[in-house]
Each structure stands twice: as C-alpha cells, then as structure tokens.
1. Is it the case that GLY172 is modelled with pLDDT under 85, under 26 Å from THR135 (Cβ atoms), in a helix (DSSP H, G or I) and among the small types (Gly, Ala, Ser)?
2. Counting only residues that are of a type in the set (A, V, I, L, M, F, W, C) and touching a helix residue (DSSP H, G or I) at 6+ places or on another chain (Cβ under 7 Å), which one in the stretch 252-265 is nearest to GLN213 (Cα to Cα)?
3. Could you look through the stretch 229-239, keep only residues that are over 19 Å from the mean Cα position of the chain (by Cα) and assigned to a helix (DSSP H, G or I), and pick out the one that is nearest to ASN171 (Cα to Cα)?
4. In this structure, is ALA118 within 17 Å of SER151 (Cα to Cα) and either buried (at least 24 other Cβ atoms within 10 Å of the Cβ) or at pLDDT below 80 (or both)?
5. All but one of (1) under 22 Å from SER22 (Cβ atoms); (2) open to solvent by less than 60 Å² (accessible area, probe 1.4 Å) hold for TRP288, so report the exception by its number.
6. Identify all residues within the stretch 355-370 that are at pLDDT below 90 and buried (at least 21 other Cβ atoms within 10 Å of the Cβ); write none if there are none.
7. Using the structure shown, decide if GLU297 is of a type outside the set (A, V, I, L, M, F, W, C), in a helix (DSSP H, G or I) and within 19 Å of PHE6 (Cβ to Cβ).
8. What pairs come up if the first residue lies in the stretch 212-238 and is surrounded by fewer than 17 Cβ atoms within 10 Å (Cβ to Cβ), the second is in a helix (DSSP H, G or I) and among the aliphatic types (A, V, I, L, M), and their beta carbons are under 7 Å apart, counting only those six or more places apart or on different chains?
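The values are calculated or read from the model by the stated rules, or taken from the named source; none is laboratory data. In this text the structure is predicted, and so the values were computed from the model without any measurement. Here Cβ is always computed from backbone atoms with ideal geometry, including for glycine, and neighbour counts include all displayed protein chains. All accessible areas refer to the heavy atoms of the entire protein, side chains included, with ligands and DNA or RNA removed. Shrake-Rupley method; radii C 1.70, N 1.55, O 1.52, S 1.80 Å.
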Amino acid sequence: MAALLFVVFIGCLVIGVPIAFSVAIAGVAVLLKGDVNLLIVVQRMFASTDSFPLVAVPFFILAGDLLARGSISQKLVTFAESMLGMIRGGLSIVSVVAGMFFAAISGSGAATTAAVGATMVPELRKRGYNESSSTALIAAAGCIGVVIPPSVPMVLYAVIADQSVTRLFTNGFAPGFFMGLMLIAISLVQATKYNYPRGSKFVLKNVWTTFRQSIWGLLMPLIILGGIFSGYFTPSEAAAVAVVYALIVSTFIYKDLTFKEFKSILLGSAKTSSIIMIIIACSGVFGWSLANWKIPEQIAQAVLGVSSNKYILMLLISIIVLIAGVFMETSSAVILLTPVFLPLVKTLGIDLVHFGVLFVIGIAIGMITPPVAINLFVGSSITGLPIEKIAKAVVPYLIGLIIIFLIYVYLPIFVPSIII
C-alpha cells in the first residue's frame with residue numbers, strides 16, 4: 001500500500017497534476033485497492049479543515065498582504081537605515097533587518113520578500129550595489145518570514161502534530177535571529193568584495209524622527225505576540241487582531257489604502273488561502289490512508305534499520321527535509337510530511353516542538369533553492385533579472401542558512417521549550 005500511495009502521488013506530480021489533486025488521487029487509489037467505502041473521502045476532507053487553529057491561516061495571510069501593499073514596510077526600512085546606513089554596505093544590513101521586522105508581522109516568506117524588495121531594490125540600484133547579489137540577499141532574508149513568528153507553516157504543523165502554537169512561536173525567535181545574523185555576516189563580506197559605499201552618518205534626531213514614523217509598524221508584533229504570550233488571546237484571535245490593526249493603520253493613520261486596492265488584496269489573499277485549505281482537505285484523505293495502513297510506522301522501522309545512531313538518523317531526516325523544500329512549497333511540505341515523520345521523531349525521543357521548528361527552517365530554505373524557490377521568483381519579478389542570475393548569487397546565503405539549520409538540528413541551544 002505504501003508503494004502504491006507514493007508511486008501514484010509522484011506519478012501525478014510528474015505529469016503536472018496540481019499537488020492538492022495529486023494527494024487526493026493517491027489517497028483514493030489506496031482506498032480503492034483496500035476496498036474501503038469512498039464516503040470516507042468526504043468525511044476526511046471535511047474533518048481535516050474543521051479546526052479552530054486553522055482560522056489563523058487566512059487571517060495571517062491577509063494581514064501580510066495588507067502590510068506588503070501599504071507604506072508600513074517602507075517606514076520600517078527607513079527606520080532601519082537611519083540606524084545602520086553609515087556602515088559600509090549598510091543597505092545590505094538594512095535589507096536583512098527590515099526582513100526580520102517584517103517577518104514578525106507577516107508570517108509569509110513571499111510577502112516579506114515582496115515588501116522589502118519593492119522598497120529596497122530601487123535604492124540599492126541607485127547606490128551602485130550589485131543587483132543580483134542584493135536581490136539574492138533580500139530573497140534569503142525572506143526565508144526568515146516563516147521562522148520568526150507569526151508563522152503560517154508553524155500553525156499548520158501545530159494542528160497536524162497536536163502541539164502548542166504558542167510554544168512553537170516561542171521557539172521560532174532564536175533561530176530566526178541567528179539566520180539574520182548569518183546573512184548580515186555574509187553581506188558584510190560581500191560589501192568588502194564589491195566595495196559598497198557607506199550611507200549617511202548616524203544622526204540621533206533622524207533616528208528619532210524615523211522611529212516616530214514607523215512606530216505603528218513596530219507596535220504590531222508587540223500587540224500580536226504580546227497578546228498571545230500573555231494569554232489575552234489565542235493565535236487564531238491574534239491573526240484576526242492583526243488584520244484589524246493593519247486595516248486601521250493603513251486606512252486611517254497612513255491613509256494609503258484605497259477601496260480598489262483593498263478589494264484586490266482580499267481577492268489575492270482569498271486565492272492563497274483557498275489553495276492552502278484545498279491542500280489541507282485533500283491531505284486528510286492522504287493522512288487517513290497513511291494511518292489506516294500504518295505506513296508512517298513502517299517507514300520509521302525502515303529508517304531505524306539503517307542505523308541505531310540518533311545523530312546519523314537526524315542527518316538523514318535533515319537531508320530529506322532540505323530536499324523536500326527544493327521541490328515543494330512550504331505549506332504543502334509541512335502538511336504532507338508531518339504525519340510521515342512523527343512516528344520516527346517520537347521513536348528517537350526528539351522534542352516535537354524542536355522538530356517542528358527545525359522542520360520549518362529546513363523547508364523555508366527551499367524558498368531560495370530552485371526549481372520551486374518562490375522567493376527567487378518574487379525577487380526576479382521585482383528586479384527583472386533572470387532567475388538563473390539570482391540563483392547563482394544566492395549560493396553564499398544558501399550555504400549560511402544551511403549551516404544555521406544544522407546547528408539547530410544538532411545543538412538545540414536555541415530551544416526555550418527544553419528549559420520551559
């Protein structure tokens with residue numbers, strides 16, 4: 001049954017069937033082979049989407065889209081530049097810091113790349129920065145968008161693995177911060193290599209002015225994450241608060257959101273949310289087939305037969321996660337692979353929150369790894385550069401992020417859940 005499930009699934013992907021329908025077809029094929037009543041298909045599709053935590057997904061997507069279209073991201077970038085622009089290659093550092101700021105309010109890698117890229121690329125181009133390297137850096141910083149909370153993939157993992165969204169969010173800060181530091185370190189090396197110029201001098205008055213202008217954007221993660229961690233509202237309620245806050249700021253404070261733009265944003269967010277929800281619904285059939293024939297347990301036993309060394313097995317899992325990110329979109333990979341990995345992870349005695357965060361980090365790296373590489377495509381659409389040129393320039397940043405990933409896998413010093 002395991003062979004039939006994966007052969008049908010991979011076969012459908014190869015011939016170009018959308019991933020949601022590939023998942024459903026594979027699940028149905030196994031059900032037909034097992035002579036199971038096909039009413040289970042409808043039941044599982046409904047049951048897999050009937051979850052309160054999943055309410056957070058469309059709301060975080062909408063909040064991210066609202067912020068990406070408005071001037072909040074531009075004001076955050078201006079504030080970061082006032083503090084860091086005086087360093088050689090300071091705009092590269094500003095790109096990463098702005099990406100980390102936006103990651104804390106969007107929950108989306110593509111939205112982070114689009115918002116920071118649209119603001120930074122024209123300025124980087126004007127000041128003579130290497131365009132392909134700068135675009136690659138912004139795309140790499142976009143990976144942090146799904147690691148630093150709020151994070152849509154973490155919400156999906158929490159629902160599937162029955163873990164606390166709050167604990168996953170808590171554990172996302174440290175690795176996201178170190179991913180940012182790694183990118184900054186590499187960008188400083190690149191600044192010396194390309195002899196990037198220094199920006200304007202540090203002026204305290206300018207910092208205070210830009211801080212006041214960006215305060216509404218800076219307050220958003222404090223309100224959302226502060227509300228979650230203090231227990232005032234759940235992650236799902238926080239997502240709704242994020243949308244209302246973004247609407248109020250964009251409409252009444254910055255006044256840069258028109259009705260026509262809002263309608264366009266709603267349609268785009270609905271489309272993105274519907275794609276994710278269709279995948280979740282179809283994966284319910286796939287997951288039931290996996291569980292009914294105990295396929296994850298069989299895979300776990302097969303992997304454990306390779307070696308009894310926990311560290312070798314963790315390396316094997318890490319490689320699989322990285323490869324999955326190369327070929328699958330982030331949310332799809334989390335939805336499909338979490339049920340497969342869970343029995344093995346539990347057998348190895350790995351903390352499920354730790355595994356969830358490292359899983360999201362590994363899959364996020366796939367956002368800059370062709371052929372899927374959604375962040376590279378976003379960067380290409382902003383700059384007009386060929387995707388091949390950006391893919392070549394992203395290699396140093398890709399290696400740096402993989403190093404952080406492996407450190408997190410083997411040295412879980414960034415994991416507050418072990419202490420809590």
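1. no
2. Step by step, filter the stretch 252-265, then rank; the result is ILE253.
3. So, considering only residues that are over 19 Å from the mean Cα position of the chain (by Cα) and assigned to a helix (DSSP H, G or I), the one nearest to ASN171 (Cα to Cα) is PHE229.
4. Here the answer is no, as ALA118 does not meet what is asked.
5. (2)
6. GLY366, MET367, THR369
7. yes
8. Pairs found: ILE223/VAL241; PHE233/VAL241.
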